[in-house]
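The values are calculated or read from the model by the stated rules, or taken from the named source; none is laboratory data. Treat the numbers as computed from the prediction; the structure is a model and nothing was measured. A quick note on method: Cβ atoms are made from the backbone with ideal geometry, for glycine too, and the neighbour counts reach across all protein chains shown.
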Amino acid sequence: PEKTVGGKVVTITASSLNVRVGDSQKYDSVGSVKKGEKYEWVATSPTTGWYAIRMDKRIGWVSPNYSKVEAA
(Lines give C-alpha, C1' and ligand atoms only; values in the text may rest on other atoms or scores of the structure.)
Protein backbone atom coordinates (compact mmCIF):
# COMPACT_ATOMS: atom_id res chain seq x y z
CA PRO A 1 0.00 0.00 0.00
CA GLU A 2 1.13 3.49 -0.82
CA LYS A 3 1.52 6.30 1.69
CA THR A 4 0.72 9.94 1.07
CA VAL A 5 1.96 13.09 2.77
CA GLY A 6 -0.76 15.47 3.92
CA GLY A 7 -3.39 14.03 1.62
CA LYS A 8 -6.18 11.53 2.01
CA VAL A 9 -6.09 7.75 2.04
CA VAL A 10 -8.74 5.18 1.26
CA THR A 11 -8.91 2.42 3.89
CA ILE A 12 -10.42 -0.89 2.81
CA THR A 13 -13.18 -2.09 5.17
CA ALA A 14 -14.22 -5.35 3.45
CA SER A 15 -12.24 -8.57 3.93
CA SER A 16 -11.44 -8.49 0.21
CA LEU A 17 -12.49 -5.99 -2.44
CA ASN A 18 -12.13 -5.96 -6.23
CA VAL A 19 -10.45 -2.94 -7.79
CA ARG A 20 -12.09 -1.89 -11.08
CA VAL A 21 -10.93 0.02 -14.14
CA GLY A 22 -14.00 2.29 -13.84
CA ASP A 23 -16.36 3.66 -11.22
CA SER A 24 -18.88 0.81 -10.93
CA GLN A 25 -19.21 -2.99 -10.87
CA LYS A 26 -19.83 -3.08 -14.62
CA TYR A 27 -16.12 -2.44 -15.20
CA ASP A 28 -13.50 -5.19 -15.29
CA SER A 29 -11.54 -6.04 -12.15
CA VAL A 30 -7.82 -5.29 -12.22
CA GLY A 31 -7.00 -6.91 -8.88
CA SER A 32 -8.12 -6.99 -5.29
CA VAL A 33 -7.25 -5.33 -2.00
CA LYS A 34 -7.61 -6.53 1.58
CA LYS A 35 -9.17 -5.19 4.79
CA GLY A 36 -7.08 -2.60 6.59
CA GLU A 37 -4.91 -1.72 3.60
CA LYS A 38 -4.56 1.99 2.84
CA TYR A 39 -4.12 3.55 -0.60
CA GLU A 40 -3.65 7.09 -1.81
CA TRP A 41 -7.03 8.72 -2.56
CA VAL A 42 -7.08 10.28 -6.03
CA ALA A 43 -10.71 11.25 -6.67
CA THR A 44 -14.34 10.52 -5.88
CA SER A 45 -16.71 9.87 -8.79
CA PRO A 46 -19.41 12.57 -8.92
CA THR A 47 -21.91 10.08 -10.36
CA THR A 48 -21.35 6.86 -8.36
CA GLY A 49 -19.37 7.99 -5.31
CA TRP A 50 -16.69 5.38 -5.99
CA TYR A 51 -13.12 6.21 -4.94
CA ALA A 52 -10.15 6.29 -7.30
CA ILE A 53 -7.03 4.97 -5.58
CA ARG A 54 -3.39 4.82 -6.63
CA MET A 55 -1.88 1.34 -6.45
CA ASP A 56 1.40 0.25 -8.04
CA LYS A 57 1.62 3.34 -10.24
CA ARG A 58 -1.86 2.83 -11.69
CA ILE A 59 -5.31 4.11 -10.81
CA GLY A 60 -8.16 1.80 -9.86
CA TRP A 61 -11.66 2.31 -8.47
CA VAL A 62 -13.23 0.85 -5.30
CA SER A 63 -16.78 0.89 -3.95
CA PRO A 64 -17.50 3.34 -1.11
CA ASN A 65 -19.66 0.63 0.50
CA TYR A 66 -16.50 -1.30 1.39
CA SER A 67 -13.95 1.49 1.92
CA LYS A 68 -13.65 4.91 3.53
CA VAL A 69 -11.67 8.10 2.92
CA GLU A 70 -9.59 9.36 5.84
CA ALA A 71 -6.89 11.94 6.47
CA ALA A 72 -3.45 10.45 5.80
Of everything in the range 33-51, what is surrounded by 13 or more Cβ atoms within 10 Å (Cβ to Cβ), of a type outside the set (A, V, I, L, M, F, W, C) and farther than 15 Å from residue 70 by Cβ? Give them in sequence order.
45, 48
Quick check: is even one residue across the range 41-59 at pLDDT 95 or above and touching a Leu at 6+ places or on another chain (Cβ under 8 Å)?
no
Restricting attention to the range 10-23, which residues are farther than 21 Å from residue 70 by Cα and surrounded by 13 or more Cβ atoms within 10 Å (Cβ to Cβ)?
22
